Amino acid sequence: MADRRGLLIILSSPSGAGKSTLARRLMQWDDGLEFSISATTRAPRPGEAHGREYYFLTEEAFKQQVTDGQMLEHAHVFGNFYGSPVAPVRDSITSGRDVLFDVDWQGDLQIRNSDLGKHALSIFILPPSIPELRRRLESRGQDSADVISKRMLKSWDEISHWGYYDYVLVNDDLDATEEKLKTIISAERMRRIQQPALQEHVRKLQMEFEEQS
């Protein structure tokens, strides 16, 4: 048995708030962190491999896994299904490895309402302001003006669900926000429910106490 259970670390934010950068920094900070590999019904893109970037499934196979309770969370996005297979996540946390999820508020709720939800840690990243959020999206140079406008429209719906999360951080300084994330994760790893070996240790202490009586 591992010394501790792994955490399901959920990061959510509107596009442009810094979530992806923070996730990469967390992975560099602790090589024991694993990024959840999603399943999808979309076709593989050049260079993508099954089981590395995604688990590529037919729509029929995906829906069957949902029916069979094999998806921790799932959603239909732009004509394709996406979801998190539960088996590899369960194996990871049982082995004491934390799993990092990049999902929206709906995925967060599905994970936390699952039978693994007691091991979940949910964190929402807020931008310092709406003008700054737009500036960040524009400065990336990845999207057209139309796409940026759509992302901005969607951002308020995402922000409005901030109250569902365990922790909410305002990312006005990337380095400072990274340090706060590390502090939160380090503390949450010590939750009683994450340390299954404690029960045996307390039992041992009880036996020693009785021997001394």
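The values are calculated or read from the model by the stated rules, or taken from the named source; none is laboratory data. A quick note: this is a predicted structure, and the numbers were derived from the prediction, not measured. When we count neighbours, we look across all protein chains shown, and the Cβ atoms used for this are built from the backbone with ideal geometry, even at glycine.
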Requested in this report: Name every residue in the range 60-76 that is surrounded by fewer than 18 Cβ atoms within 10 Å (Cβ to Cβ) and in contact with an Asp or Glu (Cβ under 9 Å, 6 or more places away or on another chain), in order of residue number.
Outcome: A75
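In the set S155, S122, which member is part of a helix (DSSP H, G or I), touching a residue at least 40 places away in the same chain (Cβ under 8 Å), touching a Ser or Thr at 6+ places or on another chain (Cβ under 9 Å) and among the polar types (S, T, N, Q)? Outline the logic, then answer.
On the way: S122 fails: part of a helix (DSSP H, G or I).
None of the others qualify; the one that does is S155.
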Query raised in the report: Taking the stated definitions as given, is G107 at pLDDT below 95, on the phi > 0 side of the Ramachandran plot and not hydrophobic (A, V, I, L, M, F, W, C)?
Result: no
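Output the residue which, of all residues in the range 176-190 that are in contact with a helix residue (DSSP H, G or I) (Cβ under 9 Å, 6 or more places away or on another chain) and of a type outside the set (S, T, N, Q), is farthest from L7 (Cα to Cα).
Going residue by residue through the range 176-190, those that are in contact with a helix residue (DSSP H, G or I) (Cβ under 9 Å, 6 or more places away or on another chain) are 177-178, 181-182, 185, 188.
Still in the running and of a type outside the set (S, T, N, Q): 178, 181-182, 185, 188.
Values: E178: 18, L181: 13, K182: 13, I185: 9, E188: 8 Å.
So the residue we want is E178.
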Report task. Restrict the check to the range 84-105 and report whether at least one residue is farther than 30 Å from T183 by Cβ and without any contact (Cβ under 8 Å) to a residue 40 or more places away in the chain. Result -> yes
Query raised in the report: Being surrounded by 15 or more Cβ atoms within 10 Å (Cβ to Cβ), acidic (D, E) and either touching a Gly at 6+ places or on another chain (Cβ under 6 Å) or under 30 Å from T177 (Cα atoms) (or both), is that true of even one residue in the range 34-49?
Result: yes
Query - Unmet requirement for D172, which otherwise passes all of (1) farther than 21 Å from V99 by Cβ; (2) without any contact (Cβ under 8 Å) to a residue 40 or more places away in the chain; (3) surrounded by 12 or more Cβ atoms within 10 Å (Cβ to Cβ) - result: (2)
**Report entry** From F35, F78, F56, residue being without any contact (Cβ under 8 Å) to a residue 24 or more places away in the chain and in contact with a strand residue (DSSP E or B) (Cβ under 8 Å, 6 or more places away or on another chain)
**Finding:** F56
Report summary line: Among (1) loosely packed, with under 14 Cβ neighbours inside 10 Å; (2) touching a residue at least 60 places away in the same chain (Cβ under 8 Å); (3) under 17 Å from F124 (Cβ atoms), I193 falls short only on (3)
**Report entry** The listed residue being buried (at least 18 other Cβ atoms within 10 Å of the Cβ), at pLDDT below 95 and not hydroxyl-bearing (S, T, Y), out of L57, L153, L137
**Finding:** L137
Query raised in the report: Out of the range 85-125, which residues are over 9 Å from the mean Cα position of the chain (by Cα) and among the polar types (S, T, N, Q)?
Result: S92, T94, S95, Q106, Q110, N113, S114
